[in-house]
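Colleague: One structure coming up, written as structure tokens, with questions to follow.
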Amino acid sequence: YHVVGGLSLYGAGALNNTVYINGSAMLLHGVHGAPVIGIAGGFDASDQGRANGNLITINNSTITRDGVDDNEVVIGGGFVVPNGDDGTGSVANGNAVFIRNSTIGETERPIDIYGGVVMDGDHGSGNNNSITLGTSSANGNPQETIQIHGNLYGGRNDLSSGNALNVYKSQSTVISGFSGFQTLNFHLPANIGAGDVVLTISGEQQWDFDDGEFVENSAHIAGSTINIAIDGGDLTRLAQGQSVKLITSTTGRGIHGNLATTTVSVPHGDLTYDFSISVANGDLLATLVTNTGMDLRSSIYLYHQPVSGIAAKADTLAGYNCDVFQMLLDVESGYTDIALLESAVASNTAQIYSDRIHAGAPMFSYTLYAAEPVKTFALGQFLDGAAATGDIGTVTVFGYCFSTRADAKVLYYDGAGTCHLSGGTTVSCAGAPNTPAW
């Protein structure tokens, strides 16, 4: 073992250790026919071992290994190598590896990197580990490069979950391949442009000790959730319809597995960027579909709508995920009272507007703008508490939903089992839906 933050041999666990390597040139040594842990945040060699919460940072460094044949040298946040056990009950959880502006391994002498792993292929688990390449920057870190000859692993087997690969744009970030990550987080700088690459998969072949053959590495994305974040200001060089390459493959065949994510919506200040995610010609692409600020997302217009005085049949104009929700109301006959609600759910207590609106009054307008996902106007008889038994008036009503979110919407519940949607369609409903997930 070359660099180990914490070592446990008798069951105490290798917990919450830190290894920081900066400005170093390191040569790691292997042995014939066996894997060697070159750098570990925490290492536990006991039965049902624990290597949790360890941290490795490698910055401005070059790390290589010697040329011993038939060997494997690895780096990882947390390792458990069960002593005389099959690994059942062993865990390597919550470890993190950060790599910035460094070169690790060589073409003929790769070095694999793990977030956390129990070194038994069928037992134990490595959960909630992360590997991060690069750091946040609004200009894409143009002076930094990362070159890793080797695979990245979140966890080693199907028992692992919650592992994340975080990639920040740099001048060049190249790795052989990766697998075992349930989440892929890509950070785009504000100055990213069409065709720019975030991560390159070289697909270098290396010896697979489990299968006993050379294999071509690749990016295994099956089942992985893909997220996008934007560092710095607004995107200035990426137009609607243009794509960035979240992952590109130098072999053209470096992406394996079906996409679990096909769209990503990225709130960013007053804007929301909507991306479509696809795979084409060996590249994982994020295409900017919409570049949106506050806009009219949904609207509805209903004419000659009867209003009931019975509270259980109150008409409701509802907006979901609207930053600003406006109602225009013309009372054609009779009258109506108005109840206002801004909340997380539509069933919370509403505020009664102080004035009753009668026929012949000027068109009434009211705007709701609190930072709540549900905004509603209920029409009915609310002010005097009288036990109304029928309709109290007819109205023409307009609803306008302004939002930075593409999924914002508006509907009108008519008090009689029908919800009217934007565009004139209707669906059966028992009342205005309770939450924005309707």
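Colleague: Compute from the Cα atoms of region 73-178 the Rg and the Dmax, the latter being the longest Cα-Cα distance, and quote both in angstrom.
Modeller: For region 73-178, the Cα-based Rg and Dmax read 14.7, 51 Å.
Colleague: Toward the positive end of the charge dipole of the chain, about the Cα centre and with charges on Cβ (Lys, Arg +1; Asp, Glu -1), which of Thr225, Pro433, Val19 goes farthest?
Modeller: Pro433
Colleague: Which of Phe181, Phe186, Phe98 has the fewest other C-beta atoms within 10 Å, and how do the rest follow up to the most? Numbers along the way, then the final one.
Modeller: Details: Phe181 27, Phe186 23, Phe98 18.
Ordered from fewest to most neighbouring Cβ atoms within 10 Å, Phe181, Phe186, Phe98 come out as Phe98, Phe186, Phe181.
Colleague: I've got another one for you. Using 0.36 nm per residue of separation minus the Cα-Cα distance, give me the extension gain between Ala312 and Ser354 in nm, one decimal.
Modeller: Answer, rounded to one decimal: 13.1 nm.
Colleague: Would you calculate the separation in nanometres between label points at Ala239 and Asp384, each defined as 7 Å from the Cα along the Cα-to-beta-carbon direction?
Modeller: 6.3
Colleague: If you average the alpha carbon positions of region 283-341 and of region 165-195, how far apart do those two centres end up, in angstrom?
Modeller: Each part reduced to its Cα centre gives a spacing of 40 Å.
Colleague: May I pose another question? Taking amide hydrogens as modeled 1.01 Å from N in the peptide plane, which residues meet the under 5 Å criterion relative to Gly6, leaving out close sequence neighbours?
Modeller: Residues meeting the criterion, in which the H sits 1.01 Å from N, are Gly42, Phe43.
Colleague: What's the FRET efficiency of Asp270 with Gln143 using the Cβ-Cβ distance as r and R₀ = 41 Å, to the nearest 0.05? Mind showing how you got there, number by number?
Modeller: Values: r = 31 Å, r/R0 = 0.75.
Here the calculated transfer efficiency is 0.85.
Colleague: Assuming R0 = 41 Å, what is the FRET efficiency of Val289 and Glu108, from their Cβ-Cβ distance, to the nearest 0.05? Display every interim value, and only then the final one.
Modeller: Working: r = 43 Å, r/R0 = 1.05.
Efficiency, from the Cβ-Cβ distance: 0.40.
Colleague: Would you mind telling me the antiparallel percentage of the DSSP bridges in the chain, rounded to 5? Before the final figure, lay out each step's value.
Modeller: Working: 79 of 159 bridges.
Percentage antiparallel, nearest 5: 50.
Colleague: Say R0 is 41 Å: what FRET efficiency, to the nearest 0.05, do Tyr20 and Ala280 get from their beta-carbon distance?
Modeller: On the way: r = 40 Å, r/R0 = 0.97.
FRET efficiency, Tyr20 to Ala280: 0.55.
Colleague: Considering amide H positions built from the backbone, and no H for Pro or chain starts, which residues 5 or more places from Tyr353, or on another chain, come under 5 Å of its amide H?
Modeller: Those lying under 5 Å, H to H, from Tyr353 are Ile338, Ala339, Leu340.
Colleague: Using a Cα-Cα cut-off of under 16 Å, which lysines could be cross-linked to Lys409, ignoring same-chain neighbours fewer than 8 residues away?
Modeller: Lys375
Colleague: Oh, and also: Treat every Asp and Glu Cβ in the chain as -1 and every Lys and Arg Cβ as +1, leave all other atoms uncharged, and give the resulting dipole magnitude about the Cα centre to the nearest 20 debye.
Modeller: Working: 15 positive and 40 negative charges, 193 e Å.
About 920 debye.
Colleague: Also: If Lys and Arg each add +1 and Asp and Glu each add -1, what is the summed charge of the other residues whose beta carbon sits under 15 Å from the beta carbon of Leu328? Please report the intermediate quantities before stating the final value.
Modeller: Values: positive: Lys375; negative: Asp315, Asp330, Glu332.
Computed value for this residue: -2.
Colleague: Can you give the Rg to Rh ratio of region 345-438, both from alpha-carbon atoms, with Rh computed by the Kirkwood formula?
Modeller: On the way: Rg = 14.5 Å, Rh = 15.4 Å.
Expressed as Rg/Rh, it is 0.94.
Colleague: With a 10 Å radius around each residue's Cβ, average the other Cβ atoms per peptide and rank 106-115, 424-433, highest first. The partial results should precede the final answer.
Modeller: Details: 106-115: 21.5, 424-433: 12.9.
In decreasing order of mean packing, 106-115, 424-433 become 106-115, 424-433.
Colleague: With a 10 Å radius around each residue's Cβ, average the other Cβ atoms per peptide and rank 274-282, 17-25, highest first.
Modeller: Working: 274-282: 16.4, 17-25: 14.3.
Per-residue Cβ counts within 10 Å, averaged per peptide and sorted highest first, yield 274-282, 17-25.
Here, each number is a calculation from the coordinates, and none is a lab measurement. Just so it is clear, the structure is predicted and the values come from calculations on it, not from any experiment. Every residue, glycine as well, gets a Cβ built from its backbone with ideal geometry; the counts of neighbours run over all protein chains shown.
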